[in-house]
Amino acid sequence: MNAALSLADREIIEPINLDHLMVELDRYRRQSEWLKQVNELHARLAGATDLQGMIEAFSVWLMPLVDHDLIAYRSLDRSRVHIICSCHGPERRLAMETAEEVFEKIDCQLDGTCCEWGSFFVQQWQMSFGVDPAGANQGCLMLLRRSPCIEAEEAQILHDALEVLGEPMQRALMYEDLFAQARRDMLTGLDNRRVFEERIGAMLETARRHGRPITVASMDLDHFKQINDTLGHAAGDNALQMVAKTLTSMVRNSDLLVRMGGDEFVLVLPDTALEPARLLAERLCSAVDGLELNAGDGSRLGVSIGLVQWSPEMSKDEWLQRADEVLYQAKKAGRCRVCVEAA
């Protein structure tokens with residue numbers, strides 16, 4: 001039997017092999033293009049450290065591949081919300097409002113499903129980064145656009161891209177957690193001394209530039225040492241947490257409430273003159289006294305407060321030193337009271 005192929009056989013096989021070769025070449029070309037895109041995505045993500053910057057980098061990279069108006073991330077516990085929107089003017093406002101409404105109404109239930117929402121098409125993906133019962137590192141990523149619902153090819157691009165995005169997003173979340181921990185008092189959840197030092201200069205400069213009043217309240221708990229000595233440090237920690245929660249509920253978002261250490265707190269009140277600051281301080285005294293925290297010897301926990309309004313000729317250190325001196329006067333006068341620096 002002749003092993004050589006006949007001319008007729010070759011005429012049949014060669015086109016088949018050529019077609020197969022063209023398909024393989026096209027597949028390799030697509031893979032090469034995708035690897036190039038993935039390398040570009042890695043490069044963009046590597047240049048971002050925080051979550052907001054990472055989502056923005058992802059949106060810029062994705063735009064030529066999958067048209068969109070907005071990309072947003074929201075953690076399951078709602079502590080993190082980051083929105084990147086490419087629209088402008090009224091369109092931007094509408095897109096932002098739509099994203100917030102979707103997050104509120106469907107709560108990450110549409111995992112990978114494209115749906116129509118008002119004048120937009122919306123797609124969400126659930127994302128989870130490690131074990132996190134509280135939900136701070138679990139959430140959903142949203143894509144929103146006016147153009148038609150996402151097609152199969154676009155969905156595949158998004159699926160593959162999200163696999164690339166997962167690890168850098170986890171890194172960004174860990175970075176944000178570490179950054180927050182470094183600025184937060186771990187026992188009470190209040191801002192710490194570092195935050196005070198970061199913000200106080202700008203607050204004083206704003207007061208100086210606009211001629212606005214700003215007052216500081218130096219606060220120290222009364223009979224706190226007795227709680228620690230007689231009831232134990234667990235009772236002392238609980239007292240600090242209750243006081244911090246009470247103070248936080250009574251101040252404004254624009255105020256700066258800081259645990260400086262131990263049982264010492266500082267409250268900076270921008271746009272607040274001495275008299276309204278005194279009225280607030282008296283309410284704070286009453287609220288802490290109303291906690292009725294027994295100090296173990298018949299007395300109960302209170303707070304003494306010294307108030308000083310800043311003036312442009314004062315340095316920051318002089319201002320705070322004066323507040324400490326007025327606080328000492330409050331302690332000396334009988335505790336659980338407010339003293340104000342004499343004009």
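The values are calculated or read from the model by the stated rules, or taken from the named source; none is laboratory data. Because the structure is predicted, anything quoted here is derived from the model rather than measured. For neighbour counting, all protein chains shown are included, and Cβ atoms are generated from backbone atoms with ideal geometry for every residue, glycine included.
List of remarks:
- Residue selected from the range 217-248 under the condition farther than 14 Å from residue 293 by Cβ and modelled with pLDDT under 95, by the criterion nearest to the chain's Cα centre (by Cα): 233
- Contact map, the range 229-251: first residue more than 18 Å from residue 261 (Cβ to Cβ), second residue exposed (fewer than 14 other Cβ atoms within 10 Å of the Cβ), Cβ cut-off under 9 Å, separation 6 or more or different chains; pairs are 230/297; 245/189; 246/290; 250/283.
- Selection status of residue 264, under 29 Å from residue 181 (Cα atoms), in contact with a strand residue (DSSP E or B) (Cβ under 7 Å, 6 or more places away or on another chain) and of a type in the set (D, E, K, R): yes
So that you can scan it fast, the table gives a plain yes or no per residue for (1) of a type in the set (A, V, I, L, M, F, W, C); (2) outside the structural domain of residue 331 (by TED's automatic domain parsing); (3) in a helix (DSSP H, G or I):
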residue: 177; (1), (2), (3): no, yes, yes
residue: 200; (1), (2), (3): yes, no, yes
residue: 215; (1), (2), (3): no, no, no
residue: 219; (1), (2), (3): yes, no, no
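- Pairs are defined by a Cβ separation below 8 Å, a sequence spacing of at least 6 or placement on different chains, a first member in the range 78-91 that is among the polar types (S, T, N, Q), and a second member that is modelled with pLDDT of 90 or more; the pairs so defined are 86/59; 86/63; 86/68; 86/69; 86/70.
- Test: residue in the range 144-159 that is within 23 Å of residue 248 (Cβ to Cβ), modelled with pLDDT under 85 and assigned by TED's automatic domain parsing to the domain that holds residue 70: no
- Scanning the range 80-108 for residues that are assigned to a loop (DSSP other than H, G, I, E, B), surrounded by fewer than 14 Cβ atoms within 10 Å (Cβ to Cβ) and at pLDDT below 80 yields one hit, 107.
- Among the candidates 117, 125, residue that is modelled with pLDDT of 85 or more, under 23 Å from the mean Cα position of the chain (by Cα), assigned by TED's automatic domain parsing to the domain that holds residue 50 and of a type outside the set (S, T, N, Q): 125
- The residues of the range 149-175 that are in a helix (DSSP H, G or I), buried (at least 18 other Cβ atoms within 10 Å of the Cβ) and not small (Gly, Ala, Ser), listed by number, are 154, 158, 165, 168, 169, 173.
- Applying the criterion of being of a type outside the set (Asp, Glu) and free of Cβ contacts under 8 Å to residues at least 24 places away in the same chain to the residues of the range 194-224, the residue that is surrounded by the most Cβ atoms within 10 Å (Cβ to Cβ) is 194.
- Count - residues of the range 267-292 that are farther than 19 Å from residue 323 by Cα and either out of contact with any strand residue (DSSP E or B) (no Cβ under 6 Å at 6 or more places or on another chain) or charged (D, E, K, R) (or both): 6
- The listed residues are 297, 263, 271, 255, and the only one of them that is out of contact with any Ser or Thr (no Cβ under 7 Å at 6 or more places or on another chain) and within 13 Å of residue 224 (Cα to Cα) turns out to be 263.
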